[in-house]
Amino acid sequence: MIMALDLGDTRTGVAFSDATELLAGRAYSITEYHKDRLLETLCQTIAQEKPRLILVGLPTNMDGTQGERALGSREFARRLEEKCQVPVKLWDERMTSVMANRILSDAGKKRKKQRQRVDAVAASLILQSYLDAGPSREN
């Protein structure tokens, strides 16, 4: 199983693949502002779920450059791998929040409820993008 994260300032989306690692499955959001507490919560989840790999969404600008948010994601990924002892890989998350909002709008979700789900849907999109990349994802 693979676990994917869409890190946010307030909420973090969490998604899990199915056992065959072909499809993104269940997903939810964790509301936590403090990154150390988020790290603890995620380590507890990792200990329970036992994923073989964790993907952390890497915020990349449309022109391929990376800014402050990408640095924060890189640092969080490093800390997560060190603390939880599971391999962590960064994965481009470009446009996932936009697509997640569109999916939720198309599904008729009200704006307030949409905000509560967008991170979980974005984590699922990050995960499915990785799964769809197949063997080329290892490069």
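Data overview
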quantity	calculated
Test for A100: is it surrounded by 14 or more Cβ atoms within 10 Å (Cβ to Cβ), within 16 Å of D119 (Cβ to Cβ) and modelled with pLDDT under 95	yes
Unique match (being at pLDDT 95 or above and of a type in the set (S, T, Y)) among T45, T20, T10	T45
Filter result (more than 20 Å from E82 (Cα to Cα) and either surrounded by 15 or more Cβ atoms within 10 Å (Cβ to Cβ) or over 14 Å from the mean Cα position of the chain (by Cα) (or both)) within region 9-24	R11, G13, A15, F16, S17, D18, A19, T20, E21, L22, L23, A24
Qualifying residue in region 39-50 (condition: surrounded by 11 or more Cβ atoms within 10 Å (Cβ to Cβ), in contact with a strand residue (DSSP E or B) (Cβ under 6 Å, 6 or more places away or on another chain) and closer than 21 Å to L125 by Cβ)	no
Top-ranked residue in region 30-74 [being assigned to a strand (DSSP E or B) and touching a residue at least 40 places away in the same chain (Cβ under 8 Å); ranked as farthest from D119 (Cα to Cα)]	L53
Residue count, region 68-91 (criterion: farther than 16 Å from P51 by Cβ, touching a helix residue (DSSP H, G or I) at 6+ places or on another chain (Cβ under 8 Å) and open to solvent by 60 Å² or more (accessible area, probe 1.4 Å))	1
Answer from L90, L80 - the residue that is of a type outside the set (S, T, Y), in a helix (DSSP H, G or I), at pLDDT 90 or above and touching a Leu at 6+ places or on another chain (Cβ under 7 Å)	L80
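The values are calculated or read from the model by the stated rules, or taken from the named source; none is laboratory data. Everything quoted here is computed from the prediction, not taken from an experiment. Here the Cβ is made from the backbone with ideal geometry for all residues, glycine too, and neighbour counts use every protein chain on show. Areas reflect the complete protein model, heavy atoms only, side chains present, ligands, DNA and RNA absent. Shrake-Rupley method; radii C 1.70, N 1.55, O 1.52, S 1.80 Å.
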